[in-house]
1. Which FRET efficiency, nearest 0.05, do residue 89 and residue 2 yield, Cβ-Cβ r, R0 22 Å?
2. For the Cα atoms of the chain, what angle does the longest principal axis make with the long axis of helix 294-310, in degrees from 0 to 90, nearest 10?
3. Find which of 154, 42, 246 sits farthest along the positive direction of the dipole of region 6-415, computed with +1 on the beta-carbon of Lys and Arg, -1 on that of Asp and Glu, about the Cα centre.
4. For residue 78 and residue 400 in one chain, what is 0.36 nm times their gap in residues minus the Cα-Cα distance, to one decimal in nm?
5. Given a 10 angstrom Cα cut-off, can you work out which residue in 206, 135, 117 is the most mobile in a GNM of the chain?
6. With +1 on the Cβ of every Lys and Arg and -1 on the Cβ of every Asp and Glu, and nothing else charged, how large is the dipole of the chain about its Cα centre, in debye rounded to the nearest 20?
7. For n ≥ 4 DSSP H runs only, could you compute -39500 (n - 2.57) per run for the chain, divide by its residues and tell me the 222 nm figure to the nearest 500?
8. Can you give me the P(r) profile for region 275-402? Cα pairs, bins 10 angstrom wide beginning at 0, each as a whole percent.
Amino acid sequence: MQHVVPGDVAWVLVSTVLVLLMTVPGLALFYAGMVRKKNVLAIMMQSFILCAAMTVVWMIIGYSLAFTNGNAWLGDFSRLFLTGLAETWDKPFTLGAGTAAAQPTTIPESVFLMFQMAFAIITPAVVTGSCADRMKFSALLVFFTLWSLVVYAPLAHWVWAPNGWLAHMGVADFAGGTVVEINCGISGLVCALMLGRRLGYGQENMAPWNLSYAVIGAALLWVGWIGFNSGGAMGANGRAGLAVLATQISAAGGTLSWTLVEWFLRGKPSVLGAISGAVAGLVAITPAAGFVLPGIALGIGLVAGVVCFWATTSLKATLGYDDSLDAFGVHGVGGIIGTLATGWFAFGPLTATPATPAGAYIGGPHLLGIQAVAVAATILWCGAASWVLLKITDLAVGLRVTRDQEREGLDIVLHGEQVF
């Protein structure tokens, strides 16, 4: 009989706290250390305000659109303002209750929705890295409110709701390779392209203001990612343990491979490169964490470090786009690597059940094909929808600060404060 298991509740709550820690203060510090001094408070404010705004949007309607049954494309409105929790707050939650693919859990719905809320918070916060130094604060609030409902919630439903069309196909995405990583990478790239390059890009010195901030932020991201990737097991169990192990190993692999390739090609291993490699390894293992064995996790991290280094240096320079803090080069590219790798290397016994003794997800050509469809659908939907929403935002409030405001810096111009 299904019942609430205190240990499972405790682990998912801890995981939720770790994911929330990734945004505030983790991502806020990580990004603050990599922008110029005149924009430090502005980028930190973006992470902080999105934490608040996305919480309210998720509570009012986002969760209902993402995780109620609805149809294959979108949830319904049965959980608007979290209606119904008064009756179910202390009972075990079944995701997709009443559908053929219902997924019973041993945690209450409040714990599940809060864990997912932390994902809905950090995903748009990552996107801000692509438009750093030049986006209006009003535009940020309008765009990401719309984006969370039009882009994020439907994609989460497709992949993680039992009756979502990608879930029905059998996509394997343990912690958000599509929903979070490819999504924010592609959306970030579209933002960067539509906003245009920063003034002086390619001519002026745009070196990070304070790499010590960025290192602290990256360290918080690394630790927080443990909960990010293992909470999806929905309990304190073997898959959660394996996800923790895979996450740590992949992060280490990404750190080492990025550092070594940069050292070989540029003569010196940089601090910025090491922390970027760690994030690349963490991103790439996100969809795979509960599906692959440790050796594969190391391989995913090693590959991600090298390929994401190439994407943020050679590819970015060749195409000439200004993805300020490399949301696309690290999150978009790393997410694609991890999602496709899951399709080939998923270890069946990790998802074995009495109904599927060989495993629900078995790596090979069939699963790889499903993963490729998921990657393509994510790229197309996130890219097209983000473009439309940015156009709407531009018409409503304008996207970019003026040239004079950008030169002066967003801290003073938008918030009337500055770092001394």
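Each value in this text was obtained by applying a stated rule to the coordinates, not by laboratory testing. In this text, all values refer to a predicted model and were calculated from it rather than measured experimentally. For neighbour counting, all protein chains shown are included, and Cβ atoms are generated from backbone atoms with ideal geometry for every residue, glycine included.
1. After rounding, the FRET efficiency stands at 0.90.
2. 30 degrees
3. Of the listed residues, the answer is 42.
4. Numbers: separation 322, 0.36 × 322 = 115.92 nm, distance 3.72 nm.
My answer for the length gained is 112.2 nm.
5. 206
6. Working: 17 positive and 19 negative charges, 121 e Å.
So the dipole magnitude of the chain works out to roughly 580 debye.
7. Values: 19 runs with 247 residues, N = 420.
Estimated from H runs of four or more residues: -18500 deg cm²/dmol.
8. For region 275-402, the binned pair fractions read 12, 32, 31, 17, 7, 1, 0 percent.
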